[in-house]
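Q: To start, I am sharing the structure in question, which I have written as structure tokens.
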Amino acid sequence: MTTPIHDYALLGDTERAALVSRHGAVDWLCLPRFDSPACFASLLGTDDHGRWFLGPVEEATATRSYREHSFVLDTVHETATGRVRVTDLMPFGDGRADLLRVVEGLDGEVEMDHEWVVRTGYGKVLPWVSRVRDADGNTVIRAIAGPDMLVLRGDRLPEPEDHHHHDRFTVRAGERLEFSMTWVPSWSEVPGALDIRSRVEETVRHFDEWADRHRHQGPYRDAVTRSLLVLRLLTDEVRGGIVAAPTTSLPEDVGGERNWDYRYCWLRDASLTLEALLACGYVEETRLWRNWLVRAVAGDPADLQIMYAVDGSRELPERELDHLPGYAGSRPVRIGNGAVDQQQADVLGEVMIALAEARRLGVTESDESWAVQRALVDELCGHWDREDHGLWEIRGPAQHFTHSRVMVWAAFDRAVRAVEEHGHEGDVDRWRELRDRVHAEVCERGYDADRNTFTQHFDTREVDASLLLIPTVGFLPADDERFVGTVAAIEEDLLRDGFLLRYRTESGVDGLSGDENPFLACSFWLAEAYARTGRVDDAHALMRRLLAVRNDLGLLSEEYDPATERLLGNFPQAFSHLALVQAACAIADADAAADRG
């Protein structure tokens, strides 16, 4: 049986992440970083493609929660004979790549299964496994394949069994067993053991202290806090890149081809993440990503990509993994992302908006950071009017997408304001002229006067959820009748069972077969639009509906199928969580305005 996406929990340490199921299977783990090949890939295949299972033998009821504001996961399994707690975490801040698991007997006794199946190379490579001693003389299990070494240690070790390692044991009330797995390069010495108790405490303390810094005080504070923590976890602490999701190829349409690799840093998604963090008071985090940006885009501004690897690398060739059957049979399984070579004219606008907000909040520009922005805007002057593939990375023909043009306007606007308000140097007269020209073009060619709505692109009467961002970026005020009409048209065309689609796939604009489900970020954008246009009750109603589809740990994927009530797409998805934060902030502002009269 395929594990539902909502049954997974996220573990991570800000350099790598794992998904563990409600019943105790670590089915996805890439080491040593987010975009490395997976050593546990059963999420996209079978148990033989790698997993680490630690759970009851008999049928059990599982309840779980994160400890405080951390990603230390406590799962209590209750069987007919007793209760046991399994604590899972990836400890933060020790410069290592560890996954720790602790089993504690609570009541009675519970028989446990322990299975460790390592397959590197996305479940394809069978490693050489042996028992060795570490520097302290303790026996451990070592798996080696190519550049990877994985070391399993514990209070009792599983035995080899047909290319798996398996153990079965009974835990009684008051008993505690510790297990850990560590990745190191295969040419390294076997690493020593950690003090697991202290690592748990330090990890909880770190995330609690970080969460306590945010200043959002609206009615959805708890949901905002968990979403901010997800965004923090997906931000590489060392390299500075912000990944869109820790997974690849979880389907938007089960059984279909809309399966993509999101383990990379999209400039757009990262910029929006920064905007969400800045809105809640996290200013210093901007510097880490800005420095990453300067490194990633260094060189000819004409070579700007829409995405990069987490370390800023440019080569992300897309290929299909034929040895994996895919989640619930959804093929192909892809790694890399072919959209890296697309022209997406909105990207620079998002970057400029995020960095402008950072400036407003007191983050000073370095010489390099403004020089990069200036060069990118100057380069935009020469091709701002080209067709592109848009926010949604369509694989059909390029178009003059209205949202892309709005973001071109935003790029010029923030550049002009950097000169006028902050004294930076630049070709402000040219930027100002182009800003005004783009604005006029959008209002003429991207607007359907008969229906009183902006359109998806200049050659269609279709609408698109991205148009909801028009007032968010300052292109028009939210009470402009053209935007109010756009909201109405989007509601009419794109609402499905109370949730919002990105666009109508039957229009053929994206060049793909099959359908997709409502896109959660778009639904949050609609809640934000309601708040901005004075429909505050509607905003709260939609917000409550959206929060109800989170899993029990407050996590969201990319899409939601109202018919089957299941989360779909890569998980957890930064885009969904950042949109949640932005919607909550807009609703809080609308509530405050209403209270003032």
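The values are calculated or read from the model by the stated rules, or taken from the named source; none is laboratory data. As the structure is a prediction and not an experimental result, all values here were calculated from the model. We place every Cβ from the backbone using ideal geometry, glycine too, and count neighbours over all the protein chains shown. Please note that ligands, DNA and RNA were not included when accessible areas were found on the heavy atoms of the full protein model with its side chains. Shrake-Rupley method; radii C 1.70, N 1.55, O 1.52, S 1.80 Å.
Q: Compute the relative contact order of the range 208-337 as a whole-number percentage, counting only Cα pairs closer than 8 Å that sit 6 or more residues apart in sequence. Display every interim value, and only then the final one.
A: On the way: 199 pairs, mean separation 36.3, N = 130.
Taking the mean separation of contacting Cα pairs over the length of the range 208-337, I get 28 percent.
Q: Here's a follow-up. Starting from the exponent 0.38 and prefactor 2.2 Å, build the expected Rg for the range 140-217 from its residue count and divide its actual Cα Rg by it.
A: Against the compact-globule rule of thumb, the ratio is 1.52.
Q: Suppose we keep just the alpha-carbon trace of the range 378-474; what are its Rg and Dmax in angstrom?
A: Answer for the range 378-474, Rg first and Dmax second: 14.1, 43 Å.
Q: Compute the acute angle (0 to 90°) between the alpha-carbon long axis of helix 481-494 and the principal axis of greatest extent of the alpha-carbon atoms of the chain; round to the nearest 10°.
A: So the inclination is approximately 40 degrees.
Q: While we're on this one: What's the extension gain from E420 to V132 if we count 0.36 nm per residue and subtract their Cα-Cα distance? Intermediate values should be presented prior to the final figure.
A: Numbers: separation 288, 0.36 × 288 = 103.68 nm, distance 6.56 nm.
Length gained between E420 and V132: 97.1 nm.
Q: Return a whole-number percent for the relative contact order of the chain, with Cα pairs under 8 Å and 6 or more residues apart as the contact set.
A: On the way: 1331 pairs, mean separation 73.6, N = 597.
For the chain, the relative contact order is 12 percent.
Q: For the range 497-509, in order, what is each residue's ³J(HN,Hα) by Karplus, 6.51 cos²θ - 1.76 cosθ + 1.60 with θ = phi - 60°, in whole Hz (x at glycine and Pro)?
A: Using θ = phi - 60°, the values come out as 6, x, 10, 9, 7, 6, 6, 7, 5, 5, 5, x, 5 Hz.
Q: Using only helices, what value at 222 nm comes out for the chain when you add -39,500 (n - 2.57) per DSSP H run of length 4 or more and divide by the total residues, to the nearest 500 deg cm²/dmol? All intermediate terms of the calculation are to be shown ahead of the outcome.
A: On the way: 13 runs with 186 residues, N = 597.
So the helix-based figure for the chain works out to -10000 deg cm²/dmol.
Q: Could you put E15, E379, E59 in order of accessible surface area, largest first, with the 1.4 Å probe and the full protein assembly present?
A: On the way: E15 30, E379 55, E59 170 Å².
Sorted by accessible area, descending: E59, E379, E15.
Q: Separate question: List the trypsin sites (Lys or Arg not before Pro) in the range 108-165 that DSSP assigns to loop (not H, G, I, E or B) and whose Cβ has at most 11 other Cβ atoms within 10 Å. Which are they? Mind dumping the intermediate values first?
A: Values: sites: R119, K124, R131, R133, R142, R153, R156; in loops: R119, K124, R156.
Those satisfying the criteria are R156.
Q: For a Förster distance of 51 Å, can you work out the FRET efficiency between the beta-carbons of D497 and E368, rounded to the nearest 0.05? Intermediate results must be reported in sequence, preceding the final value.
A: On the way: r = 48 Å, r/R0 = 0.95.
Efficiency for this residue pair is about 0.60.
Q: How far, in degrees from 0 to 90, does helix 428-445 lean away from the longest principal axis of the Cα atoms of the chain, to the nearest 10?
A: Approximately 90 degrees, to the nearest 10.
Q: Taking every Cα atom in the chain, find the radius of gyration and the maximum pairwise distance Dmax, and write them in Å.
A: 24.6, 79
Q: Once phi is turned into ³J(HN,Hα) by the Karplus curve 6.51 cos²θ - 1.76 cosθ + 1.60 with θ = phi - 60°, what whole-Hz value does each residue of the range 169-185 show in order, with x for glycine and proline?
A: Whole-Hz 3J(HN,Hα) from phi for the range 169-185: 8, 10, 10, 10, 3, x, 8, 9, 10, 10, 9, 8, 10, 10, 9, 9, x.
Q: Restricting to Cα pairs below 8 Å that are 6+ residues apart, what does the relative contact order work out to for the range 168-285? Please round to a whole percent.
A: Working: 78 pairs, mean separation 21.1, N = 118.
Normalised by residue count, the contact order of the range 168-285 is 18 percent.
Q: Shifting gears a bit: For the range 104-156, what does the equivalent ellipsoid look like in terms of its semi-axes, each the square root of 5 times an eigenvalue of the Cα gyration tensor, given largest first in whole Å? Display every interim value, and only then the final one.
A: On the way: eigenvalues 140, 59, 11 Å².
One finds semi-axes of 26, 17, 7 Å for the range 104-156.
Q: Still on this structure, please answer the following. Whole-Hz Karplus ³J(HN,Hα) for the range 211-220, in order, using 6.51 cos²θ - 1.76 cosθ + 1.60 and θ = phi - 60°, x for Gly and Pro?
A: Values, residue by residue: 5, 5, 7, 7, 10, 5, 10, x, x, 10 Hz.
Q: While we're looking at this one, here's another question. Placing one identical point scatterer on every Cα of the range 471-532 and ignoring solvent, what is log10 I(q)/I(0) from the Debye formula at q = 0.22, 0.24, 0.25 Å⁻¹?
A: -0.94, -1.04, -1.08
Q: About its Cα centre, how strong a charge dipole does the range 325-389 have in debye, to the nearest 20, once Lys and Arg get +1 and Asp and Glu get -1 at the Cβ?
A: Working: 6 positive and 12 negative charges, 83 e Å.
Result for the range 325-389 is approximately 400 debye, rounded to the nearest 20.
Q: Here is a follow-up. Only loop residues by DSSP count here, and only those with at most 13 other Cβ atoms within 10 Å; note down the GluC sites (Glu not before Pro) in the range 398-436 that meet that. Working shown, then result.
A: Working: sites: E420, E421, E425, E433; in loops: E425.
Those satisfying the criteria are E425.
Q: Taking the Cα centre as origin and putting +1 on Lys and Arg beta-carbons and -1 on Asp and Glu beta-carbons, what dipole magnitude results for the range 54-115, to the nearest 20 debye? Could the numbers behind the result be given before it?
A: On the way: 6 positive and 14 negative charges, 64 e Å.
That gives a dipole near 300 debye.
Q: Right, next: Given R₀ = 25 Å, FRET efficiency for T61-H166 by Cβ-Cβ distance, to 0.05?
A: Details: r = 24 Å, r/R0 = 0.96.
Using R0 = 25 Å, I get an efficiency of 0.55.
Q: Select from L157, G123, M112 the residue farthest towards the positive end of the dipole of the range 70-170; place +1 on Cβ of Lys and Arg, -1 on Cβ of Asp and Glu, and compute about the Cα centre.
A: So the residue furthest toward the plus end is G123.
Q: At 1.4 Å probe size, with no ligands or nucleic acids counted, give the accessible surface of Y122 in Å², nearest ten.
A: 20 Å²
Q: If you wrap the range 1-109's Cα atoms in a convex hull and average its projection over all directions, what's the area in nm²? Before the final figure, lay out each step's value.
A: Values: hull surface 28.8 nm².
So the Cα hull casts an average projection of 7.2 nm².
Q: Count charges around E58 for me, please; just the other residues with Cβ under 12 Å from its Cβ, Lys/Arg as +1, Asp/Glu as -1. Walk me through the numbers on the way to the answer.
A: On the way: positive: R168; negative: E59, E78, E109, E111, D113.
Net charge around E58: -4.
Q: For the range 446-597, what is the per residue volume of the convex hull drawn over the alpha-carbon atoms, in cubic angstrom? Please list the in-between numbers first.
A: On the way: hull volume 17.6 nm³, N = 152.
It is 116 Å³ per residue.
Q: Taking 0.36 nm per residue of separation and subtracting the Cα-Cα distance, what length does fully extending A563 through T46 add? Before the final figure, lay out each step's value.
A: Values: separation 517, 0.36 × 517 = 186.12 nm, distance 2.66 nm.
Roughly 183.5 nm would be gained on extension.
Q: Still on this structure, please answer the following. Kindly rank 437-446, 2-11 from highest to lowest mean number of other beta carbons found within 10 Å of each residue.
A: Ranked by mean Cβ neighbours within 10 Å, highest first: 2-11, 437-446.
Q: Could you work out the local net charge near T170, counting Lys and Arg as +1, Asp and Glu as -1, over the other residues with Cβ closer than 14 Å to its Cβ? It would help to have the intermediate numbers written out before the result.
A: Details: positive: R83, R156, R168, R172, R176; negative: E58, E104, D107, E109, E111, D113, D155, D167, E175.
Summing Lys/Arg as +1 and Asp/Glu as -1 gives -4.
Q: Taking amide H positions as placed in the peptide plane 1.01 Å from N, state which residues far from F454 in sequence (5 or more) or on other chains have amide H under 5 Å from it.
A: D448, T486
Q: With 14 Å as the cut-off, how large is the P(r) tail for the range 151-195, expressed as percent of Cα-Cα pairs? Don't skip to the end; give the middle numbers.
A: Numbers: 608 of 990 pairs.
Result: 61 percent of Cα pairs exceed 14 Å.
Q: So what is the orientation-averaged projected area of the range 46-112, using the convex hull of its C-alpha atoms, in nm²?
A: Working: hull surface 23.2 nm².
Taking a quarter of the hull surface, the average projection is 5.8 nm².
Q: Could you work out the local net charge near E559, counting Lys and Arg as +1, Asp and Glu as -1, over the other residues with Cβ closer than 12 Å to its Cβ? Write down the numbers at each step before the final one.
A: Working: positive: R258, R496, R502, R566; negative: E252, D253, D515, E516, E558, D561.
That sum, taken over residues with Cβ under 12 Å, equals -2.
Q: Here is a follow-up. Just from the alpha-carbon atoms, what are the Rg and Dmax of the range 251-357 in angstroms?
A: 16.0, 46
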